[in-house]
Amino acid sequence: FMPEFDNMIGYKYSDASYNNKITFDVTREIELKERKNMIKWSNINSNSFPDLNFKQLREPIKKIMGAPSFLQFQYRNTFIIFTRNSINRFVLEGQASGWSGSASSLIEEKKQYGLLAGKSLVMAGNALFWLSEVGVIMWNKEGMNIISKNIIDVPIDENAIAFYSPLNNQYILHYNDGVENEESNGVSYVYHIERNAWTKYTGLDISSVSTLT
């Protein structure tokens, strides 16, 4: 938000040079503690983060997303916050300045069903799927279920990635090179949503996935 000047100050695009017409006095390094378990927010129509607008969770945050529309009424105006071992509900009710002091604004919803592999969380149709430490989880309007338990031995590895195949209505969980269980390198586990069945494939070499609608 600096005003315009006749001569460039700071970054110069023509030759990609930095600190143009800027001088420095004595500098010192400042080390800040990394707070991966903290969530912060601004006030409405604001572009800054007040010091008191924060909440801390017990574990580092793995993913934040808006509550899907298929969830029940109590999830309206809610963000879902995933950690490795828990699922939390952040409720957006009242004034933003009051959320930090309200015990009801952050609710620990589920334990043990947290998000282990960050890239395994996928919205597929009217359900959420992800890999937790207890297996593959499906969360839809009927509730939360472990869909791999006693059916297929899915490796529990945080490097797993997943995507949705809308053509065949499949959730595909894939393991590239580098997972702890080397026998799983290049293996894909496909969950057929309509048939509630699993299939195991090999031979896919997936680096990234995007789904166009």
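The values are calculated or read from the model by the stated rules, or taken from the named source; none is laboratory data. Everything numeric in this text was worked out from a predicted model, so none of it was measured. All Cβ positions, glycine included, derive from the backbone under ideal geometry; neighbour counts span all protein chains shown. When the accessible area is computed, the model is the full protein with side chains, heavy atoms only, and any ligands, DNA or RNA have been set aside. Shrake-Rupley method; radii C 1.70, N 1.55, O 1.52, S 1.80 Å.
Only a single criterion out of (1) under 27 Å from A124 (Cα atoms); (2) not in a loop (DSSP other than H, G, I, E, B) is not satisfied by L71, namely (2).
The combined condition, being within 27 Å of W139 (Cβ to Cβ), in contact with a helix residue (DSSP H, G or I) (Cβ under 6 Å, 6 or more places away or on another chain), in a strand (DSSP E or B) and open to solvent by less than 90 Å² (accessible area, probe 1.4 Å), is fulfilled by K62. Residues that are touching a Phe, Trp or Tyr at 6+ places or on another chain (Cβ under 7 Å), assigned to a helix (DSSP H, G or I), touching a residue at least 40 places away in the same chain (Cβ under 8 Å) and not aliphatic (A, V, I, L, M) do occur in the stretch 118-133. Across the stretch 1-57, the number of residues qualifying as open to solvent by 100 Å² or more (accessible area, probe 1.4 Å), of a type in the set (S, T, N, Q) and under 30 Å from Q95 (Cβ atoms) comes to 2.
Taking the numbered list (1) surrounded by fewer than 20 Cβ atoms within 10 Å (Cβ to Cβ); (2) under 19 Å from the mean Cα position of the chain (by Cα); (3) at negative phi in turn, S132 passes all entries but (1).
Yes/no per residue for (1) at pLDDT 90 or above; (2) open to solvent by 10 Å² or more (accessible area, probe 1.4 Å):
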{"residue": "A67", "(1), (2)": "no, yes"}
{"residue": "L115", "(1), (2)": "yes, no"}
{"residue": "A124", "(1), (2)": "no, no"}
{"residue": "I137", "(1), (2)": "yes, no"}
{"residue": "I152", "(1), (2)": "yes, yes"}
{"residue": "P166", "(1), (2)": "no, yes"}
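Among the residues of the stretch 80-89, none qualifies, meaning not one is open to solvent by 70 Å² or more (accessible area, probe 1.4 Å) and either within 17 Å of E34 (Cα to Cα) or assigned to a strand (DSSP E or B) (or both). The condition (being under 16 Å from W139 (Cβ atoms) and in contact (Cβ under 8 Å) with a residue 40 or more places away in the chain) is satisfied by just one residue among T78, T83: T83. For the stretch 139-150, filtered to residues that are outside any strand (DSSP E or B) and in contact with a Gly (Cβ under 7 Å, 6 or more places away or on another chain), the residue that is surrounded by the fewest Cβ atoms within 10 Å (Cβ to Cβ) is K149.
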